[in-house]
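Step one of this worksheet: look at the structure below.
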Amino acid sequence: MALVQHKSKIVRFQQQVDNSVEYLVPFVEKRISVKAGLKVLEIGCGEGGVLKPFTERGSQVLGVDLSTSRIETACHLFKEEIASGQADFMVKNVWDEDFLEKYKGNFDLIILKDVIEHIPNQEAFIPYLKKFLSPQGYIFFGFPPWWMPFGVHQQVCKSKFLAFLPWYHLLPTGLYKGILKAFGEKPKTIDELIEVKETGISLHRFERIIQKSGLLTREKIHFLINPIYKFKFGIKPIKQAKLITKIPFFRDFVTTAGWYLVSPEN
Ligand SMILES: C[S@@+](CC[C@H](N)C(=O)[O-])C[C@H]1O[C@@H](n2cnc3c(N)ncnc32)[C@H](O)[C@@H]1O
């Protein structure tokens, strides 16, 4: 079911900006002051909307993504900031050696919003990110736990029924793929959905990886209703009930977003 943000880059950009201004920046500011000179890297930046409130406050930003068209849009939308040297956007794989060489120890804040669930081998990737942090640096992660009702982004399905059908992505892969095919989903959509099913991450596994990576969770919020839904669907965000956040496994089924701010143990 194509929503307006799936068709319009500008709508998608503005939703990213609004969500960042109203929710992401205040969350990050529990620990870091967003101001001139702060060096910020966003991995999987898309059109770069999340970074807009950071450039507005004078921070220095770098956005990387694997999608050429999304980076082209970001370059267009941040023309002035790029010209002044305040922002840069590139199609880049952060595993590349030249990227590590150039940006080792460089960033005060690394943002991965709705991205870690797309990245394979998170056990190796998350500790690797520490190499890019400045001594006082933090990493923000925001992601939909993959057991939640729409945990593999099935809203991208063209079938309205499948877009609103909860939890069927938890079926075995063959059966899940069969259902998507039977409803006439395009091979590209099916591949994307299977990819998130394979890389999808639970709150429990994420927290275990953070711990094993020598990182500490400094701030955390779980949402019953993800803040981005306010801008996509007009539904007000709701924090998860405290009691539910403490029930391992069950919380994953009813939490639409987990937000974490982490930093190295010492
Ligand atoms: C759901 S979008 C999120 C975009 C943006 N962060 C936001 O919150 O709106 C996920 C983005 O991650 C990018 N992506 C996926 N794997 C990546 C990787 N290994 N390195 C960089 N970007 C990646 C995709 O191209 C896509 O633009």
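Taking every residue in the range 222-243 that is farther than 14 Å from residue 143 by Cα and pairing it with any residue that is away from the ligand (no atom under 15 Å from the Cβ) and β-branched (Val, Ile, Thr), at least 6 positions away or on another chain, the pairs with Cβ-Cβ distances below 7 Å are 235/225; 236/225; 237/225; 238/225; 239/221; 240/255.
The condition (being modelled with pLDDT of 95 or more and in a strand (DSSP E or B)) is satisfied by just one residue among 99, 125, 141: 141. The set of residues from the range 19-34 being surrounded by fewer than 17 Cβ atoms within 10 Å (Cβ to Cβ) and touching a residue at least 40 places away in the same chain (Cβ under 8 Å) comprises 22, 30, 31.
Scanning the range 221-261 for residues that are in contact with a Ser or Thr (Cβ under 7 Å, 6 or more places away or on another chain) and not charged (D, E, K, R) gives 222, 223, 224, 225, 226, 240, 260. The helices (runs of 4 or more DSSP H) falling completely within the range 166-266 that include 3 or more residues that are among the charged types (D, E, K, R) and under 19 Å from the mean Cα position of the chain (by Cα) map to 187-199, 203-212.
Inspection of the range 93-104 finds no residue satisfying the criterion of being touching a residue at least 40 places away in the same chain (Cβ under 8 Å), under 14 Å from the mean Cα position of the chain (by Cα) and buried (at least 18 other Cβ atoms within 10 Å of the Cβ).
If I filter the range 105-129 down to residues being within 22 Å of residue 152 (Cα to Cα) and more than 10 Å from the ligand (Cβ to nearest atom), which single residue comes out as surrounded by the fewest Cβ atoms within 10 Å (Cβ to Cβ)? Only one residue tops the list, namely 121. Annotation: of all residues in the range 14-70 being in a loop (DSSP other than H, G, I, E, B), charged (D, E, K, R) and more than 8 Å from the ligand (Cβ to nearest atom), the one that is farthest from residue 137 (Cα to Cα) is 57.
For residue 89, the criteria (1) surrounded by 17 or more Cβ atoms within 10 Å (Cβ to Cβ); (2) in a helix (DSSP H, G or I); (3) within 13 Å of the ligand (Cβ to nearest atom) hold in every case but one, which is (2).
The values are calculated or read from the model by the stated rules, or taken from the named source; none is laboratory data. Note that the structure is predicted; figures quoted are calculated from it, not measured. Glycine also receives a Cβ, built like all others from the backbone with ideal geometry; neighbour counts cover every protein chain displayed.
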